[in-house]
Amino acid sequence: MPPVIDKDLCNYCGICYNICPQDVFIFDKKQKQVPAIAYPQECWYCGACVVDCPRGAVSLNLPLPLHIVPSPALYGPPGPEDSEALKRAADFSRSIERNSSKDGTGSGNNSGQAEDGL
Amino acid sequence: MKNVEIQEHSCDICVAGGGLAGCMAAIRAAELNDNVILVDKSNPERSGCAGTGLDHIWGYFPQVQEQEGMSLEQMVEDHVENVAQGLVNRRMLHYIAATSYDRILDLERFGARIRFDDSTLPGKLRLQYQMHACRNTLHFEGRDIKRILTRAVRKAGARILDRVMVTELLTENGEIAGAVGYGTRDGKIHRILAKAVIMTTGRVNRLYKPFPGLTFAIRMPPALTGDGKAAMFRAGVELINMEFLSVPGRWSSRNLIRGGGLPTGSYQPPGVGVNALGEVIRRRNHDVGSKTVYGTAKTFATGKSFQGELEAGRGPIYADMSWGSEEDQRYMLWAVENEGLGPGFLHIMERYALDFRKHKIELWPIEPEHSAAAAGGPMVDETCETTLPGLYAAGDEAGGIPGSVAPGAFTMGYLAAESAAKRAAGAGAAADGKGEEELVAFCNEILNRSGGDPWEDAQATIHNHMSDYNIHLRSETMARRGLECLEYLENTMRLTAANSHELTHCLEMRNLIECGKIILRSTIERRESRGKIFQRRDYPQQDDANWFCFLGQKLENGRLRFQKHKP
């Protein structure tokens, strides 16, 4: 069951049912009941119900094929020798300073794919 | 004998699709006309590509770009050459670039936060590099952008007809007369008479086998099944670029598909792409620097590519976001929280005890997409009008402007509304058009059928045919076989539905098959290969002399017609 509703927290407002872009819930305003998950396999895991629930009653469970298998990260918090790079990172999108490539080989901040996100 | 109930509506301007383009169109249309209906397949508050957010939007910010030595014309030229490889509706692209900032100011007026005290840039903007050779992508607080827009739609006075899937158009004497939708919850056919219709139903998703193996585990919204493009084609509208396809659609987290440009985009400044040996394949933005020349150099700043690393035996690839100060980490998490699918990602990370500081995220190339790079859809003129008088298209729905994305949605939505309002003001009463007959018959057949094929079986068959015949082994003979298979499916399937939710899926199958056939027919017609978006085994060379053009396809008196258009 991808979206799971905590029965103790749900106040039967129906917002999750109203906004779900995949229409996975069933809900009847007249009956004071927790919305049912009628189409769990149609969940997009977008999190709209999680974000919009006024009671924080909804959470998402992943089906097994969508689990992220943990893999340890390589970096972690940087050391003092990284102070210049940290300043460049912080300033990159927010400073009037012209950012320039350290070694001049910069060829693009894009991934070579014409679309990014949307 | 059951008959689907038909409900009539009437308005001056009908906007079909309540995403970014549709909401902006409805707002502007309602400012100019007091009889506007916005129709959405779900609920505009959380529907479409930006349903759970949008953290970035490109534009021309004169106060910054001029200082950095980039004129509007240069930026447009950069997009033409490096994003669109020359094949683009240049006039519309120029309009998008020139007015994107105005629409961003509209978003601010509606209540979106776009200025931040930590920025020393003019206007306190946070600007990132994205696809152009200048810092022109605004990072903003867009998690609730659809709620903000929906509120503005209501305030402007447009009526919202939600949970209605527009899937047919009404015409009369060769002009638009309205749209027809199916109520995904009420199970009714909604005939919406209108003097002008604006189509903003977006891309065609769900055509190819999804990478994680689950139908709805895809990057872009699964509710977008090319309903508008299929409806327009059936109504005789000319569609272009339908043969183009991004392979792969993206690199994304395996298998929980997310957007945001992992490890770039929303995941900066900490994100890098590494191979299995821990070697950096994609550097951090600020290490790459600002002098960007989009597309002309190697794909990645290191000269290596993710695909190349996989093929060299150094896979898998990971996105590692563990670096950076606490402030850098907070900035990244802020961006992810505001990007589409990001809030869900962060929720799941927390729930499954995953942490960007401690864990890297495996990346894979996901299934192909009819993407922003492909830009397939109706050809539009400088007013956003399609080849059917009174019918307009905006955003991802429209064809011919690769990489227009969010700014394309906002600016074209606005422009289409102005054009539609002008037309509606000059028109008499709405004509009673035709066009719903086949839809009604299709619904009634399903309603009266007991037993038959579940829509899931048709979906799996479409996935198989499109993936087998139209990705890596593309050729005339393969496309012809693909067409035979889709036509066989169309003629053989006996879909069944227990309720309106399932019948909606059956109608989606009808539209996916329609779009698949259009795609395969244009694939046969374009006898060349063209960059990353169109590779044919039987015509491996690019042929600019014959094919530097938009290939149009339309139905004319029941006959197919192909036409080449110079961009």
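Measure off, as a whole percent, the carbon and sulfur share of the 1.4 Å-probe accessible area of chain B, all protein chains present. Please report the intermediate quantities before stating the final value.
Working: 8910 of 18770 Å².
Roughly 47 percent, rounded to a whole number.
Using a probe of 1.4 Å, the accessible surface attributed to B:HIS94 totals some 60 Å² when neighbouring protein chains are kept in position. The amide H of B:GLU141, built 1.01 Å from its N in the peptide plane, has B:ARG113 as neighbours under 5 Å, considering only residues 5 or more places off or on other chains. Between B:THR477 and B:ALA276, full extension at 0.36 nm per residue minus the direct alpha carbon distance yields a gain of 68.4 nm. Between the helical axis of B:90-110 and the longest alpha-carbon principal axis of chain B there is an angle of about 80 degrees. Residues B:LYS2, B:LYS422, ordered by accessible area of protein heavy atoms at a 1.4 angstrom probe radius and largest first, appear as B:LYS422, B:LYS2. What share of Cα pairs, in percent, lie more than 12 angstrom apart in region B:44-88? Summing the P(r) tail past 12 Å for region B:44-88 gives 69 percent. For chain B, the longest principal axis of the alpha carbon atoms and the long axis of helix B:342-351 meet at an angle near 70°. Association of chains B and A removes close to 7900 square angstrom of accessible area from solvent, both sides included, for a probe radius of 1.4 Å.
Ranked from the most accessible area to the least, with a 1.4 Å probe and all protein chains present, what is the order of B:THR52, B:THR171? Let's see the in-between values first.
On the way: B:THR52 5, B:THR171 40 Å².
Result, largest first: B:THR171, B:THR52.
Enter the angle in degrees (range 0 to 90, nearest 10) between the Cα long axis of helix B:476-492 and the first principal axis of the Cα atoms of chain B, meaning the one along which they spread out most. Tilt relative to chain B: about 50 degrees.
Determine how many Å³ per residue the convex hull of the Cα atoms of region B:96-174 encloses.
Numbers: hull volume 14.7 nm³, N = 79.
Spelled out: Cα convex hull of region B:96-174, divided by residues, is 187 Å³.
Using the 1.4 Å probe convention, the accessible area of the protein assembly as shown works out to 36 Å² per residue with neighbouring protein chains retained.
How large is the translational diffusion coefficient of the protein assembly as shown in µm² per second when you combine the Kirkwood radius over alpha carbon pairs with Stokes-Einstein at 25 °C and 0.890 mPa s? Intermediate values should be presented prior to the final figure.
Values: Rh = 25.2 Å.
Reported coefficient: 97 µm²/s.
For B:CYS49, the residues whose modelled amide H falls within less than 5 Å of its own, excluding neighbours fewer than 5 places apart on the same chain, are B:LEU20.
List, by residue number, every residue in region B:396-413 with a reduction of 50 Å² or greater in accessible area between the chain on its own and the complete protein assembly, 1.4 Å probe. Checking the loss per residue gives no hits.
Find, among the chymotrypsin sites (Phe, Trp or Tyr not before Pro) in region B:121-201, those assigned to loop by DSSP (not H, G, I, E, B) with at most 14 other beta-carbon atoms within 10 angstrom. Counting only loop positions with at most 14 other Cβ atoms within 10 Å, none of the chymotrypsin sites (Phe, Trp or Tyr not before Pro) in region B:121-201 qualifies.
Amide H contacts of A:ASN61: A:VAL4, each under 5 Å away and 5 or more positions distant or on a separate chain (H built 1.01 Å from N in the peptide plane; Pro and chain starts excluded). With the helix formula -39500 (n - 2.57) applied to DSSP H stretches of n ≥ 4, chain B reaches a computed 222 nm mean residue ellipticity of -10500 deg cm²/dmol.
The values are calculated or read from the model by the stated rules, or taken from the named source; none is laboratory data. Predicted model, so just to flag it, every value in this text is computed and none were measured. Neighbour counts are summed over all protein chains in view; Cβ atoms, including those assigned to glycine, are modelled from backbone coordinates with ideal geometry. Note: accessible area is taken over every heavy atom of the protein model, side chains too, but ligands, DNA and RNA are not part of it. Shrake-Rupley method; radii C 1.70, N 1.55, O 1.52, S 1.80 Å.
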